[in-house]
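The structure under discussion appears below in the form of structure tokens.
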Amino acid sequence: MPVAAYMRLCLTHPRYGYYINRDPLGAGGDFITSPEISQMFGELIGLWIAAVWRQMGAPENLRLIELGPGRGTLLHDALRATKVVGGFRDALVLHLVEISPALREIQERRLEPIGAPILWHDKLEDVPGGPSIIVANEFIDALPVHQAVKAADGWHERVVAVTAEDNLVFDTARDPLPFFEASMPRALRQAPLGSIYEWRADNIALELGRRTREEGAALIIDYGHAHSGMGDTLQAVARHSFTDPLRAPGTADLTAHVDFEALAQCAETMGARIHGPIRQRDLFLRLGIEQRAAALKAGAPQERAAEIEMALARLMAGGALGMGELFKAIAIAAPKLGPLPGFETAP
Ligand code: SAH
């Protein structure tokens, strides 16, 4: 089966899928994400959302949509930080796009006390139209990715096969993919033999563009590359370390980098305006994370102040351990909104 089909089964099979039965997040789980590292992440995104809501003319009914909300921490922090924004919380209906029954339960417990109506959906297409702000952190990396390998006779889809001994192995489909190279970005057509090219075939980018082009905005944060390129980025993570993606299917988180150039192009063809991508570090610097950290530290005991400092470093640092550079932010919005907070000086 194609790598994308394998990834979809591993993550979302109704019985054995990785996301279906468990809460994978946090120290006791498999991986940790920015909202779980620090409350500052959700708080500053909350202020971004409220500012964009005002730019939209402060509509009385706003669909606040989160894709893959995990434990609900981002929205929890975002809505606490925006309590003081007049009229904002009363305008909200929360729409959570979440496939995992286990995580839906955690989200409900976490967000219900806020008092805003909450609706859950399997897919973004199921959320009704109207003025919307969409946020997603580490959601798109979990959507299935296709891979193709370049050979002398063209590009062949990369597949997962079963050997005679019942082991899973990577292989390539016998026949090349028709018209494949002609549909690739021009700069990539010179790639050497053996190169691997990845793409997502779902409609999420189109849907983000379609939903936001009239009266909305989306803020997408994830790890990936600003420009389309070659390379195999499929990875499996369990218990906070990398593992073999073909081992023990359904027990590890499988992800692949987000190709922000492809995402932007698709959303733009639907008539939305693209802001960024910029590095996570640059977005949060412009949103005032350093001031927020200083304010939190000022009232905190020494140990807590050190924790805040470490969390800040983790969110902002470059290199393999930090999330400041590998993670990027892109906004997709109605062109009439003009520049968006944090993206003002971005190309
Ligand atoms: N945004 C959260 C969680 C990231 S983990 C955070 O930053 O902490 C990925 C999230 O997306 C989980 O909530 C997972 O259950 C959800 N998810 C993964 N694939 C999905 C799919 N195909 N449809 C809907 N939700 C999905």
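The values are calculated or read from the model by the stated rules, or taken from the named source; none is laboratory data. Bear in mind that the values here come from a model prediction, so they are computed numbers and not experimental data. Neighbour counts run over all protein chains shown; Cβ positions are idealised from the backbone, glycine included. With ligands, DNA and RNA removed, areas are computed over all heavy atoms of the protein, side chains included. Shrake-Rupley method; radii C 1.70, N 1.55, O 1.52, S 1.80 Å.
Under the combined filter of DSSP loop state and at most 16 neighbouring Cβ atoms within 10 Å, region 243-279 retains these trypsin sites (Lys or Arg not before Pro): 247. Can you work out ³J(HN,Hα) from phi for every residue in region 63-78, in order, using Karplus 6.51 cos²θ - 1.76 cosθ + 1.60 and θ = phi - 60°, giving whole Hz and x for Gly and Pro? These are the phi-based 3J(HN,Hα) values: 8, 9, 9, 10, 9, x, x, x, 8, x, 5, 4, 5, 4, 5, 4 Hz. Helix 260-269: angle to the longest alpha-carbon principal axis of the chain, degrees 0 to 90, nearest 10? Between helix and principal axis, roughly 80 degrees. In terms of its alpha-carbon gyration tensor, region 148-188 comes out prolate; a/c meets the 1.5 threshold, and the first ratio a/b outweighs b/c.
For region 42-127, the list of GluC sites (Glu not before Pro) that fall in a loop by DSSP and count at most 12 other C-beta atoms within 10 angstrom reads 60. Under the simplified labelling scheme, the residue 58-residue 309 pair shows an inter-label distance of 4.1 nm, with each label point 7 Å from Cα along Cα→Cβ.
Under 1.5 on a/c is rounded, so check that first for region 200-318, then, if it is not, pick prolate when a/b is larger than b/c and oblate when it is not; a ≥ b ≥ c are the square roots of the alpha carbon gyration tensor eigenvalues. Taking the square roots of the gyration eigenvalues as a ≥ b ≥ c, region 200-318 is oblate.
For region 65-91, the residues whose amide N sits under 16 Å from a probe point set 7 Å from the Cα of residue 295 along the beta carbon direction are 77-86.
Note that region 99-110 has calculated 3J(HN,Hα) couplings of 8, 8, x, 5, 6, 4, 5, 5, 4, 4, 4, 6 Hz, one per residue in order, obtained from phi through the Karplus relation 6.51 cos²θ - 1.76 cosθ + 1.60 (θ = phi - 60°); glycine and proline are x. For the chain, set up a Gaussian network in which alpha carbons nearer than 10 Å are linked by springs, and say which option among 56, 184, 40 fluctuates the most. Of 56, 184, 40, the most mobile in the Gaussian network model is 184. For the chain, set up a GNM with springs between Cα atoms under 10 Å and report which of 135, 169, 237 has the largest fluctuation. Sorting by GNM fluctuation, first place goes to 169. The count of lysine pairs in the chain that are at least 8 places apart or cross chains, and whose C-alpha atoms lie under 29 Å apart, stands at 9.
With Cα atoms as the point set, the radius of gyration and Dmax of the chain evaluate to 20.5, 65 Å. Taking every alpha-carbon pair under 8 Å whose residues sit at least 6 apart, the chain reaches a relative contact order of 19 percent. Specify the inter-centroid distance of region 138-156 and region 276-347, based on alpha-carbon positions, in whole Å. Here the two parts' Cα centres lie 31 Å apart. Rounded to the nearest Hz, the phi-derived 3J(HN,Hα) couplings of region 274-283 under the Karplus curve 6.51 cos²θ - 1.76 cosθ + 1.60 (θ = phi - 60°) are 9, 10, x, x, 10, 6, 3, 4, 5, 4, where x marks glycine and proline. Normalised by the number of residues in region 148-188, the average gap of Cα pairs under 8 Å and 6 or more apart makes the relative contact order 35 percent. Candidates 151, 161, 172 compared by Cα position along the dipole of region 148-188: farthest toward the positive end lies 151, with charges placed on Cβ. Ligands, DNA and RNA are left out, and with a 1.4 angstrom probe the accessible area of the chain is 45 Å² per residue.
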